[in-house]
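First comes the structure, then the notes that go with it.
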Amino acid sequence: MTDGPIVAGPPQGRRRRIHVVGIGSGGLDQITVEAVRALQASDYAVAALKRPGDPLFTRRVELLGRHAPGLELVGVQDPERDRSSSSTSTHGDYRGVVLDWHQARALAWEQILAERPGDVAIPVWGDPAFYDSTLRILDRIAERGRVPIDVRVLPGISALQVLAARHRLVLHEIGATITVTTGRRLREVVAAGADNVVVMLNSDLPLDGLDEWHIWWGGNLGDTGETLVAGRVGDVLDELRAERDRLRAEHGWVMDVYLLRRGDGRETERDERTTT
């Protein structure tokens, strides 16, 4: 197995190998062969445990049972995050709350690493590059210097890719731009002129006033409860909200992602001549 990028740490002693493993958007077989080998090379795995019976933790246990039988998944009680509107009303406030939460997470994870020897796998939903805090938390652990670590990242199938595949889409128009943002900042990017937007990390569906846009939506992609909806926003918004509520009630969680495109969703042909 080739060496990956090194996270800075103290020079003395053996660095602990940490495999940050993208496991896909929910399907047990979305994980890559490379990622499976990384799981099998680890001594144990670590994941956040948000509450007793956390369905996302349970899903990770199922995935390890299929691809790395016998690999223990150690749950780290996830610190509470301040979600009050008074503390997260602006982007600056929200960022401060999240950074405090990252610090609390880093201390909790560091404690597990200090107590338990061996190389570790951290199974990350989707791909570690998209709206996931794992690498930032490991940076904090490395900076503290208590546990020397060597981090290797194994990419996963992201929800963006699964959404495009399920709806048989190219996420951008010919030669055009795609914007990836969160539900929290959707209004901001639309006001700035974005007209082809993938939206992730949604607490709700802030689509009021976008009736004439076209949407391709996917909920719990890759899981047995996977649900797809597409159409003019004004025509399908009630259905989308009902499907989100249903998925949460039936499965205990909902993760959704969607593409929004201004207009009727049909791609406009552009002159693609090139000069040589």
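The values are calculated or read from the model by the stated rules, or taken from the named source; none is laboratory data. The shown structure was predicted, so the numbers you read here are calculated from the model rather than taken from an experiment. Virtual Cβ from ideal backbone geometry, glycine too; neighbours counted across all protein chains shown. Please note that ligands, DNA and RNA were not included when accessible areas were found on the heavy atoms of the full protein model with its side chains. Shrake-Rupley method; radii C 1.70, N 1.55, O 1.52, S 1.80 Å.
Does residue 197 satisfy the condition of being open to solvent by less than 40 Å² (accessible area, probe 1.4 Å), under 19 Å from residue 240 (Cα atoms) and either outside any loop (DSSP other than H, G, I, E, B) or not β-branched (Val, Ile, Thr) (or both)?
Working: open to solvent by less than 40 Å² (accessible area, probe 1.4 Å): yes; under 19 Å from residue 240 (Cα atoms): yes; either outside any loop (DSSP other than H, G, I, E, B) or not β-branched (Val, Ile, Thr) (or both): yes.
Against the criterion (open to solvent by less than 40 Å² (accessible area, probe 1.4 Å), under 19 Å from residue 240 (Cα atoms) and either outside any loop (DSSP other than H, G, I, E, B) or not β-branched (Val, Ile, Thr) (or both)), residue 197 qualifies.
Among the residues of segment 148-171, which ones are open to solvent by 10 Å² or more (accessible area, probe 1.4 Å), assigned to a loop (DSSP other than H, G, I, E, B) and either charged (D, E, K, R) or closer than 24 Å to residue 204 by Cα (or both)?
157, 167, 168, 169, 171, listed by residue number.
Of everything in segment 108-137 that's part of a helix (DSSP H, G or I) and farther than 22 Å from residue 61 by Cβ, which residue is least open to solvent (accessible area, probe 1.4 Å)?
Of all residues in segment 108-137, those part of a helix (DSSP H, G or I) come to 108-115, 134-137.
Now restrict to residues that are farther than 22 Å from residue 61 by Cβ: 110, 114, 135-136.
Values: 110: 4, 114: 50, 135: 60, 136: 140 Å².
Filtering first and then ranking leaves 110.
Between a first residue in segment 34-46 that is over 18 Å from residue 135 (Cβ atoms) and of a type in the set (Ser, Thr, Tyr) and a second residue that is open to solvent by less than 10 Å² (accessible area, probe 1.4 Å) and modelled with pLDDT of 95 or more, which pairs have beta carbons less than 7 Å apart while being 6 or more apart in sequence or on different chains?
Filtered contacts from segment 34-46: 44/120.
Quick one: count up the residues across segment 31-65 that are of a type outside the set (D, E, K, R), assigned to a loop (DSSP other than H, G, I, E, B) and within 18 Å of residue 254 (Cβ to Cβ). Walk me through how you get there before you give the answer.
Of segment 31-65, the ones of a type outside the set (D, E, K, R) are 31-33, 35-36, 38-42, 44-49, 52-53, 55-58, 61, 63-65.
This time we only want the ones that are assigned to a loop (DSSP other than H, G, I, E, B), so: 31-32, 41-42, 52-53.
From what is left, the residues that are within 18 Å of residue 254 (Cβ to Cβ) are 53.
Of the residues in segment 31-65, 1 are of a type outside the set (D, E, K, R), assigned to a loop (DSSP other than H, G, I, E, B) and within 18 Å of residue 254 (Cβ to Cβ).
Spot the failing condition for residue 269; the list is (1) at pLDDT below 95; (2) closer than 24 Å to residue 130 by Cα, and only one is missed.
(2)
Over 22 Å from residue 32 (Cβ atoms), open to solvent by 10 Å² or more (accessible area, probe 1.4 Å), more than 17 Å from the chain's Cα centre (by Cα) and among the charged types (D, E, K, R): does that describe residue 140?
Working: over 22 Å from residue 32 (Cβ atoms): yes; open to solvent by 10 Å² or more (accessible area, probe 1.4 Å): yes; more than 17 Å from the chain's Cα centre (by Cα): yes; among the charged types (D, E, K, R): yes.
So residue 140 fits the description; yes.
Against the definition (open to solvent by 30 Å² or more (accessible area, probe 1.4 Å), in contact (Cβ under 8 Å) with a residue 12 or more places away in the chain and either at positive phi or in contact with an Asp or Glu (Cβ under 9 Å, 6 or more places away or on another chain) (or both)), how does residue 49 come out, yes or no? Let's see the steps before the verdict.
Details: open to solvent by 30 Å² or more (accessible area, probe 1.4 Å): yes; in contact (Cβ under 8 Å) with a residue 12 or more places away in the chain: yes; either at positive phi or in contact with an Asp or Glu (Cβ under 9 Å, 6 or more places away or on another chain) (or both): yes.
Answer is yes for this residue.
Which condition number does residue 195 fail, the rest of (1) at pLDDT 95 or above; (2) charged (D, E, K, R); (3) within 30 Å of residue 58 (Cα to Cα) being met?
Result: residue 195 fails condition (3) only.
Taking segment 211-231 as the region of interest, how many residues are assigned to a loop (DSSP other than H, G, I, E, B) and either within 16 Å of the chain's Cα centre (by Cα) or surrounded by fewer than 19 Cβ atoms within 10 Å (Cβ to Cβ) (or both)?
Kept after step one, since they are assigned to a loop (DSSP other than H, G, I, E, B), are these residues of segment 211-231: 211-213, 220-226.
Filter again for either within 16 Å of the chain's Cα centre (by Cα) or surrounded by fewer than 19 Cβ atoms within 10 Å (Cβ to Cβ) (or both), leaving 211-212, 220-226.
Looking only at that region, the number is 9.
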